[in-house]
Structures are given as structure tokens and as C-alpha cells.
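Enquirer: Dropping the structure in here first, questions after.
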Amino acid sequence: MKHFLDVHKTPPEALREMLEAGRAMKHARAGRGKAAPDDAQPLAGRMVALIFEKPSTRTRVSFDVGVRQLGGETLVLTGSEMQLGHGETVADTARVMSRYVDLIMIRTFEEATLLELAEHASVPVINGLTDASHPCQIMADVMTYEEHRGSIAGRKVVWAGDGNNVCASLLHAAGQFGFDFTFSGPETLDPDAAAVAFARENGATVTIARAPENAVAGADLVVTDTWLSMHDAPGARERRHNQLRPYQVTADLMAKAAPDALFMHCLPAHREEEATSEVMDGPHSVIFDEAEYRLHAQKAVMRWCLGV
Ligand code: CP
Ligand code: NVA
């Protein structure tokens, strides 16, 4: 069973194969309408369930459109409208869903839910974000970087702000794709220690630099994300904002990175909080390409899972 649960749990050759396939599919459909089917229809006759226990714009739409371009069909479900949200176990949900659909993508809270679903499903499961990681996002981010600047290997990637789920997946990618990673944020919001260890064990240099202006010096890529994730308590907002304000990505900060540095944000953004609009809409920013590449990358992830 080829689940896509995390970047660090997927062999690097498979990750590379998916990026190449995604890029090929992107270029093959250049200039065609967004709803136009791909020439190959590898998901014809296949049903994909997209389960959301948290809100989503990009993940929901890019998976749905991607499945359709590949000739498949989707069921978009929210946890609260399923029995899953009313006491049915994750394991039983996995067993039942496996009788109806060929592939399950889930966005959920605890990583344990994802792992339990994958353990009991007899069809592949894709992680569409948990409190702990967001691997589909990072596949798109690596693809976006490489489309603009070539190989990401050996590049300096800086994360500014909260060491959250997206940050953890980027650390996993540092280990798998061989780039250097600098984290710049307050100690209380440091990234997952296991993700840091994974990156280091796999040869990536991981640096913690508390001063953002030192962290971004010479950076090839600067990445940030919301200061309050969907799984964070809303009551933590003010404290986090106070802690994270020094790490806001401004035009002055970007000016300290390499002249051709890129800026990324997985979105949704809170403009003028984690990054200014001047940066988000500025010359370094590739945030909307990044959103587009979710589609291309995930089509490849689904094909890899299904072996089609
Ligand atoms: N980046 C991302 O996953 O966006 P959504 O929450 O809109 O899916
Ligand atoms: N870190 C954010 C990412 C949203 C795509 C969250 O988990 O809410």
C-alpha cells in the first residue's frame, strides 16, 4: 500500500519521481482550459474521497480539480457531516470507506487520526494536513522553487515565524532533497525536534538564528506562515502576535536575502501580520505559483499512490 503520509516517510526517489511527473503534467496541459481533461486519464473509473475536518480552499479545490483532470470522480466530505464526527471510530470509517472509494485524502487534527485511518484502510491515504505536518504543501513548494530557480539541493532556505506543521514538513524536505534550513523564530515556537533531527541525520545543515536579519543573510528562499494555525487555541492570538512580530517578513528583511531570493507562503495569509503586502505582492514573491503547483504536485502524488 502506497500511502502518502509524510515527506520523511516517503523514499526520496519516489518524491523526486512525483515532482518530475507533476512537472510533466503541468507542461503537457499548458494553454488548455482549467477544466480540460489531461490526455492520459489514469483515474478513469476511480473514486477519490476528500475528507475535511478543518477548513480549506487550496487543498479542497486543487485535489478536486486534479482528480477531474485525471478522469476520476470525487466525494468531498466534512468530518462533522460524517459519522466520524459523531462517535464512529476512525478504524471503522477507514474500513467502510475502503469499500466505496479507491483513494482517501484527509485533513484532520491529530496525526494519530491520519495514522489510524491509514492502518485500517485497504486503499491509499494521503495527508492533506494535520496539526503536525503538511506534506502536499511542501511537494508543491519544492516544485515551485525548482521551476523558478533549478535544483533546490544545497540552497539556503529560511523559515521565519512559528515552527508549525508546514515548517516540520519543510524540515523533512531539507533531509530528503538536501537543502540547508535556517529557523528564525522565538524559542517557545521552535520547530518539532524530531523533524530537526531527521533533517540533520539526512545531511542537511539546520541552523537556529533568533535574529531574523542574521537568519536571512544570503537566503535563496524565505518562507513564512500564519502566526496562529487552525489547531492553535484562538486565545493564544495576542501572546503569539507579540512573540512573532519581530519575525514579520518585510521588504527590508527580504533585501538582506540573496538578490534573486524567492518568497513563499502556503496561504491563507494574514496580510500585514506574518508578511507585508509589499512582500507578498513584490518581486520575490511566488505565492500564487505555489498555490497553483499544489494541483500539479498532488496529481502526481495520487498517481504514485495508485500506481497509475
Ligand atoms: N495551503 C493550504 O493548504 O491552504 P488551504 O487551507 O486553503 O487548503
Ligand atoms: N499552519 C497552517 C497552515 C494552513 C494551510 C494551519 O495549520 O492552519
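Enquirer: Scan region 262-272 residue by residue and report those that are surrounded by fewer than 22 Cβ atoms within 10 Å (Cβ to Cβ) and either without any contact (Cβ under 8 Å) to a residue 60 or more places away in the chain or among the β-branched types (Val, Ile, Thr) (or both).
Expert: Hits for region 262-272 are Ala269, His270, Arg271, Glu272.
Enquirer: Of these, Val61, Val65, Val142, which one is without any contact (Cβ under 8 Å) to a residue 24 or more places away in the chain, in a helix (DSSP H, G or I), under 27 Å from Leu170 (Cβ atoms) and within 16 Å of ligand 1 (Cβ to nearest atom)?
Expert: Of Val61, Val65, Val142, the one residue that is without any contact (Cβ under 8 Å) to a residue 24 or more places away in the chain, in a helix (DSSP H, G or I), under 27 Å from Leu170 (Cβ atoms) and within 16 Å of ligand 1 (Cβ to nearest atom) is Val61.
Enquirer: Does any residue in region 169-197 that is over 18 Å from Arg155 (Cβ atoms) come within less than 7 Å, Cβ to Cβ, of a residue that is of a type in the set (Asp, Glu) six or more places away or on a different chain, and which pairs are these?
Expert: Gly185/Asp162; Leu189/Asp162
Enquirer: Only one residue in Glu147, Glu110 is more than 16 Å from ligand 2 (Cβ to nearest atom) and of a type outside the set (A, V, I, L, M), so which one is that?
Expert: Glu147
Enquirer: If you don't mind, there's one more thing I want to ask. What is the residue count in region 226-267 for residues that are more than 16 Å from ligand 1 (Cβ to nearest atom), part of a loop (DSSP other than H, G, I, E, B) and of a type in the set (D, E, K, R)?
Expert: Qualifying residue count, region 226-267: 2.
Enquirer: Moving to a separate point now. How many residues does region 12-54 hold that are in contact with a Lys or Arg (Cβ under 9 Å, 6 or more places away or on another chain) and not small (Gly, Ala, Ser)?
Expert: Result for region 12-54: 13.
Enquirer: Of the conditions (1) more than 30 Å from Gly45 (Cα to Cα); (2) among the small types (Gly, Ala, Ser); (3) outside any loop (DSSP other than H, G, I, E, B), Ala300 fails just one. Which one is it?
Expert: (1)
Enquirer: Then there's this: If I ask for residues that are within 30 Å of Ala24 (Cβ to Cβ), touching a residue at least 12 places away in the same chain (Cβ under 8 Å) and either within 14 Å of ligand 1 (Cβ to nearest atom) or assigned to a loop (DSSP other than H, G, I, E, B) (or both), which ones from region 281-291 would you list?
Expert: Result: His284, Val286, Ile287, Asp289, Glu290, Ala291.
Enquirer: Still on this structure: Can you pull out every residue in region 198-223 that is in a helix (DSSP H, G or I) and farther than 17 Å from Asn165 by Cβ?
Expert: Arg200, Glu201, Pro212, Glu213, Asn214, Ala215
Enquirer: Return yes when Ala28 is more than 16 Å from ligand 2 (Cβ to nearest atom) and at pLDDT below 95 and no when it is not.
Expert: The answer is no for Ala28.
Enquirer: Name the residue, out of Ile126, Ile104, that is away from ligand 1 (no atom under 16 Å from the Cβ), part of a strand (DSSP E or B) and within 21 Å of Gly307 (Cβ to Cβ).
Expert: Ile104
Enquirer: Here's another thing I want to ask about it. When residues of region 268-280 are filtered for being among the polar types (S, T, N, Q) and within 14 Å of ligand 1 (Cβ to nearest atom), how many remain?
Expert: Qualifying residue count, region 268-280: 0.
The values are calculated or read from the model by the stated rules, or taken from the named source; none is laboratory data. Source: prediction; values computed, not measured. As a convention, Cβ positions derive from the backbone with ideal geometry for all residues, glycine included, and neighbour counts pool all protein chains shown.
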